[in-house]
1. How large is ³J(HN,Hα), in whole Hz, for each residue of segment 51-64 in order, when computed from phi with the Karplus curve 6.51 cos²θ - 1.76 cosθ + 1.60 and θ = phi - 60°, using x for Gly and Pro?
2. Take peptides 249-261, 44-56 and line them up by average Cβ neighbours within 10 Å, highest first, as a rough protection proxy.
3. Give me the one-decimal nm value for the distance between modelled label points at Thr301 and Asp272, 7 Å along each residue's Cα-to-Cβ direction.
4. With only alpha-carbon pairs counted, each pair once and no self-pairs, how large is the Kirkwood hydrodynamic radius of segment 215-320 in angstroms?
Amino acid sequence: MMLDEASPTAVEAAVSAAKFSAVQATRLPLQHRCRAFTLAELLVSMGVLVMLTLLATQLLNSAAKIITLGHKQMDADSQARELFDRMAIDFAQMVRRSDVDYYLKSSTTANDCTLCTRQRGNDQIAFYSTVPGWSAITGAQQSPVSIIGYRIHVSADTLSNRMERLGEALVWNGATSDTRSDGKPASVIFWAPLNPWASVTNSPFDIIGHDVFRFEYRYLLKNGDLSATPWYATSSVRGLQDVSAIIVNIAVIDPKSRALLSNSDVAALAEDLADYGGQSPGGLLAAWRASVDGNTTLPRTALSSVRLYERSFYLSPGSL
């Protein structure tokens, strides 16, 4: 047999070996790709998963805080808006006459103005208005004239440090002798000087601002001056004849933040907010904000939710 001639068996064996090698070359990469993760790869994957979870948690917490702060702001804004809207209606229909009394704040205690008092802390005001109200006789009889008042109720009960509104209808028939259940004349115009701190029990005052705890006002006189007295310094008692507008400042704390404070805490916070003392426009609000920000005795969570508001109510000329 010649050397260059190969047997069929040897050729078949060589072909089979080549095919096996090709199949193995194809299978090995597939087996390599399907192998299990190493410990390092698992640790890296777990670390990435933990980081993503923490990031998602922080985002959710931040969103919840933003939503909560937004709700607190809306709660305070809604109370301030409701109060200011009610004041605007009452002030716009104020009976402004030289022969009609008012309960006003004043920097003087003149003998001829017994209802003008220095008001330290929260202010009070009462005046006659053509806003309809309910008669004190039956509780169901309307009257076109009322005595309107605003105050912050302060006491040891749970309703303390809240804004109240007086809306007492008057009987103006000029000849009535009707009396209320407490024995006072039905027409408040014949009362002794109004007691601004009357008991809440059976009181004609109603809560209008559950979380309004500070109330301060001053006068814009017709000559452009700001004053704590409702008439020119050179004038005698003139009611509101010299007043162009009443500027009101209030402080509000939302219900959730108020729950962190006791009644005494809220009262102390109100006392820290200064009375009007001749500040320029915007100065009183800035002083209040500085006082709240500088408070170190009350929880910062509650203090950060105190909202301060200011609004001017221009009075119609009326009949003087």
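Bear in mind that the values in this text are calculations on the coordinates, not laboratory data. Please read all numbers here as calculations on a predicted model, not as lab measurements. Glycine also receives a Cβ, built like all others from the backbone with ideal geometry; neighbour counts cover every protein chain displayed.
1. Each residue of segment 51-64 in turn: 4, 5, 5, 4, 4, 5, 5, 5, 5, 5, 5, 5, 5, 5 Hz.
2. Details: 249-261: 20.1, 44-56: 10.2.
Result, highest mean Cβ count within 10 Å first: 249-261, 44-56.
3. 1.7
4. On the way: mean 1/r = 0.0649 Å⁻¹.
Kirkwood hydrodynamic radius for segment 215-320: 15.4 Å.
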